[in-house]
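J.: Sharing a structure here in structure tokens format.
Coordinate-derived values only; no laboratory data. None of these values were measured; they are calculated from a predicted model. Cβ placement follows ideal geometry from the backbone for every residue including glycine, while neighbour counts extend to all protein chains displayed.
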Amino acid sequence: MKLPRITILATLLLTMPAAAQLQITPPATTPSPPAEKQKPKPPAPAKKEAAPAPRASPSPKPSPSPKPATVIPAPPADNPNVDLVYGAYQRGQYKTAFELATPRAQAGDPKAMTMLGELYSNAMGIRRDYAKAAEWYKRAADAGDREAMFALAMLRMSGRGGPVDKGEAVKLMASAAKLGEPKAAYNLALLYLDGQTLPQDVKRSAELLRQAADAGLPEAQYALATFYKEGTGVPKDAERSVRLLQAASLADNVDAEVEYAIAMFNGTGTPKNQPAAVALLRKASRQGSAIAQNRLAWVLINGVGTTVDKVEGFKWHLVAKTAGKGDPELDKQLSDLPAEDRAKAEAAARKWLGTK
């Protein structure tokens, strides 16, 4: 049975803005990074081409506010009873899934137990009850279900359904990672990188990221790409970094799309392909990336790798500006734009932002 894509509302989220290396003048000001910085902050070379480049992205870091994981349990293909539970879940019939899963769980089926944990944790068909979710996740974890191990680890990290217990969370995460759970390997990698819950070990972090990346987790592919780009825990390897960015981009990881577009634009670790880079910047811009919007504004306004379109370019400049990616130089150029074109750009930006 083909497993569904699992949505992660994890305690540890990858928050790496894409590093910009476009050969165009960057914004004069770059927003300060968040107050809470991870350990370590690998050196990121600010590569200069035809113009100075903005600060490169920091390495992945854990979020300070843990959240429970959303785990979609995958039933064994040879159990038609559990498949009924799974099918109801996939169709959004959560109450039916609960009613079907309960007797199976009580009979000792680990996947049904994990399903009940999921339903209780996310208030699907029943009232949210983290304590009951933790109870069912634990029973499933004790029976060897790796998804339940990871979900329970997230609850223990956040203190939902019981007291915070980072020690138990780490053990559960490590067990799930050994059983091949990519989300567990990814989050464990971030803990080794952060160096607070676990001793800092960037090489071990890289190993775990590779495990999760090889399993197809886009967040891990993007993080590992940054490791190879910066030489964090692995030798620097621009080509391998770009291959990982490409893989994560194909899975719609927006940060990876921006980094991959920049690499293609500059020909870093991959053949230069500016039209493809611009197309990817457009996609990331439509997905809400302020960095992509700012870079797309520059290439459209200056006609680099694409046809000049100042109205569209300034639209994206204004949109990016609302998200903190302002640019005084583009502001100046906007003020010099003919009034009619400026009004069109402003109207287009308001329409995109949904404002009057």
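J.: Restricting to Cα pairs below 8 Å that are 6+ residues apart, what does the relative contact order work out to for the range 146-211? Please round to a whole percent.
T.: That works out to 25 percent.
J.: Testing the spin-label approximation: label points 7 Å from Cα along Cα→Cβ at Glu207 and Asp165. State their distance in nm.
T.: 2.7 nm
J.: Follow-up question, since we're still on this one. What FRET efficiency would be calculated for the residue pair Ala131, Arg91, taking the C-beta separation as r and a Förster radius of 30 Å, to the nearest 0.05?
T.: It comes out at approximately 0.60.
J.: What length, rounded to one decimal in nm, is gained on full extension from Asp309 through to Lys236, with 0.36 nm per residue of separation minus their alpha-carbon distance?
T.: 22.6 nm
J.: Straight-line reach only, C-alpha to C-alpha below 16 angstrom: list the aspartates and glutamates that Lys229 could link to, leaving out same-chain residues fewer than 8 apart.
T.: Within reach: Glu207, Glu219, Asp237, Glu239, Asp255, Glu257, Glu259.
J.: Is the range 80-222 rounded, prolate or oblate when judged by the Cα gyration tensor, a ≥ b ≥ c being the square roots of its eigenvalues, rounded requiring a/c under 1.5 and prolate requiring a/b larger than b/c?
T.: Prolate.
J.: Taking 22 Å as the cut-off for C-alpha to C-alpha distance, list the pairs among Lys95/Lys132; Lys272/Lys310; Lys236/Lys283; Lys272/Lys315; Lys111/Lys178 that go past it.
T.: Checking Cα-Cα distances, Lys272/Lys310; Lys236/Lys283; Lys272/Lys315 exceed 22 Å.
J.: Related question: For a quick protection proxy, order the peptides 331-337, 219-225, 179-185 by their average other-Cβ count within 10 Å, most packed first.
T.: Peptide ranking by packing, descending: 219-225, 179-185, 331-337.
J.: If you average the alpha carbon positions of the range 89-115 and of the range 231-255, how far apart do those two centres end up, in angstrom?
T.: 38 Å
J.: Let me ask something else about it. Sorting check: for 166-172, 341-347, which peptide has the highest mean count of neighbouring beta carbons within 10 Å, and how do the rest follow?
T.: Listed from highest to lowest mean packing, they are 166-172, 341-347.
J.: Same structure, new question: Shape call for the range 79-163 from the C-alpha gyration tensor, a ≥ b ≥ c root eigenvalues: rounded (a/c under 1.5), prolate (a/b greater than b/c) or oblate?
T.: Oblate is the answer for the range 79-163, as a/c is 1.5 or above yet b/c matches or exceeds a/b.
J.: By the gyration tensor of its Cα atoms, with a ≥ b ≥ c the square roots of the eigenvalues, what is the shape of the range 292-356: rounded for a/c under 1.5, prolate for a/b over b/c, or oblate?
T.: Note, shape of the range 292-356 comes out rounded.
J.: While we're on this one: Assuming 0.36 nm per residue, please report the length gained on full extension of the stretch Glu340 to Thr322 beyond their Cα-Cα distance.
T.: Length gained, Glu340 through Thr322: 4.3 nm.
J.: Could you work out how far the C-alpha centroid of the range 150-190 sits from that of the range 283-340, in angstrom?
T.: 42 Å
J.: Under the 0.36 nm per residue contour assumption, what length would be gained going from the current alpha-carbon distance of Lys332 and Ala215 to full extension?
T.: Roughly 37.4 nm would be gained on extension.
J.: A follow-up question, please. Write down Rg/Rh for the range 160-272, rounded to two decimals, with Rg from the C-alpha atoms and Rh from the Kirkwood relation over Cα pairs.
T.: My calculation of the ratio gives 1.04.
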